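Asker: Once you've had a glance at the structure underneath, I'll fire off some questions.
The values are calculated or read from the model by the stated rules, or taken from the named source; none is laboratory data. Nothing here was measured: the structure is a model prediction, and the numbers come from that model. Ideal geometry is used to build each Cβ from the backbone, glycine not excepted, and the neighbour counts take in all protein chains shown.
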Amino acid sequence: MKAVILYLNDEKPFAEYSRFLPLISRERQERIARMALNGDKIRSLFTELLIRYEASEELGVDFSSLEFGKNEFGKPFIIGENGYDFSVSHSEKAVAFAGENARVGGVRVGLDVERIRQRKNAVSERFFAENEIKFIEESENPDEAFFEIWTKKEAYSKMLGKGLAAGFNSFDVTGNALGCKFYTKRTNGYAFSLCAEEISALPEIGEMSECEFLQKLSERLNFTFC
């Protein structure tokens, strides 16, 4: 299993990234064109660039040949690669990716990343189970604990491929009754959670800057970016 967090510089104008648009799908290019905010455009662009980079490397296929679809709940998948499961998430300047190839013993995977900030008690009351609320209230840092629970619930829902349709208040991520494993990390002000049926082989989560990623991409595609 491969997992990575990419940190963006979303303060630059999107026009500086326009040369990367031909590297992503037409559908995403059109979606980006409809976005009003500079940061949203950058996050959307790098989300697909990161998926293409990591998935093409794992599958041994051409970067530009990947085609994407979505299930009925909006979870993306790679057309023609039923044995490969991946999940992606972004929050502010962070874009996170995890992928697993079932052809080499892989499993379903889901992840979420969120900037840690002041929690909203109303969200806990509406979406969290009793044990999850207790976990937050008894924590030394309730804000961090809140986003640990939130990202775990998001990751579990994404692993199932149902997103919010899974019903956040219908399951509890503090116990062992869900039949999956969680990995959670707090880093650079973000909470990152990964959920999979098995994560015993998970390596350390990779972290890289925007320029480091573009350098890797340039080596793959023979471009000069940074």
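Asker: How many residues are within 15 Å of Val95 (Cβ to Cβ) and outside any helix (DSSP H, G or I) if we restrict to the stretch 18-34?
Answerer: Qualifying residue count, the stretch 18-34: 1.
Asker: Could you tell me which numbered condition Glu27 fails, if it satisfies all but one of (1) acidic (Asp, Glu); (2) more than 21 Å from Ser157 (Cβ to Cβ); (3) surrounded by 15 or more Cβ atoms within 10 Å (Cβ to Cβ)?
Answerer: Of (1) acidic (Asp, Glu); (2) more than 21 Å from Ser157 (Cβ to Cβ); (3) surrounded by 15 or more Cβ atoms within 10 Å (Cβ to Cβ), only one is false for Glu27: (3).
Asker: Sticking with this structure for a sec: In the stretch 86-108, which residues are modelled with pLDDT of 90 or more and closer than 12 Å to Ala55 by Cβ?
Answerer: Scanning the stretch 86-108 gives Phe86, Ser87, Val88, Phe97, Ala98, Gly99.
Asker: Being under 13 Å from the mean Cα position of the chain (by Cα) and crowded, with 19+ Cβ neighbours inside 10 Å is the filter here; which residues of the stretch 106-152 pass it?
Answerer: Across the stretch 106-152, the qualifying residues are Val109, Gly110, Leu111, Asp112, Val113, Glu114, Thr151, Lys152.
Asker: Further question on the same structure: Restricting attention to strands (runs of 3 or more DSSP E) lying wholly within the stretch 90-191, give those where 3 or more residues are of a type in the set (A, V, I, L, M). Write out each step before concluding.
Answerer: Working: elements: 94-101, 109-115, 181-187.
Output list reads 94-101, 109-115.
Asker: Consider Asn9 against the criteria (1) buried (at least 20 other Cβ atoms within 10 Å of the Cβ); (2) modelled with pLDDT under 95; (3) in contact with a helix residue (DSSP H, G or I) (Cβ under 6 Å, 6 or more places away or on another chain): it satisfies all of them except one. Which criterion is unmet?
Answerer: Failing condition for Asn9: (1).
Asker: So, in the stretch 35-82, exactly how many residues are assigned to a loop (DSSP other than H, G, I, E, B) and out of contact with any Gly (no Cβ under 8 Å at 6 or more places or on another chain)?
Answerer: Summing the residues that are assigned to a loop (DSSP other than H, G, I, E, B) and out of contact with any Gly (no Cβ under 8 Å at 6 or more places or on another chain) in the stretch 35-82 gives 11.
Asker: State all residues of the stretch 112-154 that are closer than 16 Å to Phe182 by Cα, of a type in the set (A, V, I, L, M) and out of contact with any Asp or Glu (no Cβ under 8 Å at 6 or more places or on another chain); if no residue qualifies, say none.
Answerer: Val113, Ala145 - these are the residues of the stretch 112-154 that are closer than 16 Å to Phe182 by Cα, of a type in the set (A, V, I, L, M) and out of contact with any Asp or Glu (no Cβ under 8 Å at 6 or more places or on another chain).
Asker: What are the residues in the stretch 2-17 that are aliphatic (A, V, I, L, M) and either more than 19 Å from the chain's Cα centre (by Cα) or in a strand (DSSP E or B) (or both), if any?
Answerer: We begin by selecting, within the stretch 2-17, every residue aliphatic (A, V, I, L, M); these are 3-6, 8, 15.
Selection gives Ala3, Val4, Ile5, Leu6, Ala15.
Asker: For the stretch 9-25, indicate whether the set of residues that are farther than 20 Å from Glu212 by Cα and touching a strand residue (DSSP E or B) at 6+ places or on another chain (Cβ under 8 Å) is non-empty.
Answerer: yes
Asker: So, one more: Give me a count of the residues in the stretch 70-84 that are at pLDDT 90 or above and not aliphatic (A, V, I, L, M).
Answerer: 0
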